[in-house]
């Protein structure tokens, strides 16, 4: 078993979490109260998202942002 009960090894988990922390750290303090916590964002995703790879979901969201469907 990997990190936090997943198949993710500790090294990769650290890299993933560090990059997420770094991404959130550059958000100005004045804007942070308006951004929902990651936990809330993940809660609103439908169960169908679990059928797809993270790469596919990221590609879908990038496409949606580029086409101003999700901003």
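Computed from the coordinates by the stated procedures, all read-outs in this text should not be read as laboratory data. Predicted model, so just to flag it, every value in this text is computed and none were measured. Every residue, glycine as well, gets a Cβ built from its backbone with ideal geometry; the counts of neighbours run over all protein chains shown.
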Within the range 43-63, count every residue that is surrounded by 10 or more Cβ atoms within 10 Å (Cβ to Cβ) and assigned to a helix (DSSP H, G or I).
9
Identify, from the list 8, 27, the residue that is surrounded by 10 or more Cβ atoms within 10 Å (Cβ to Cβ), in contact with a helix residue (DSSP H, G or I) (Cβ under 9 Å, 6 or more places away or on another chain) and not in a helix (DSSP H, G or I).
8
Filter result for residue 25 (free of Cβ contacts under 8 Å to residues at least 40 places away in the same chain and over 19 Å from residue 70 (Cα atoms)):
yes
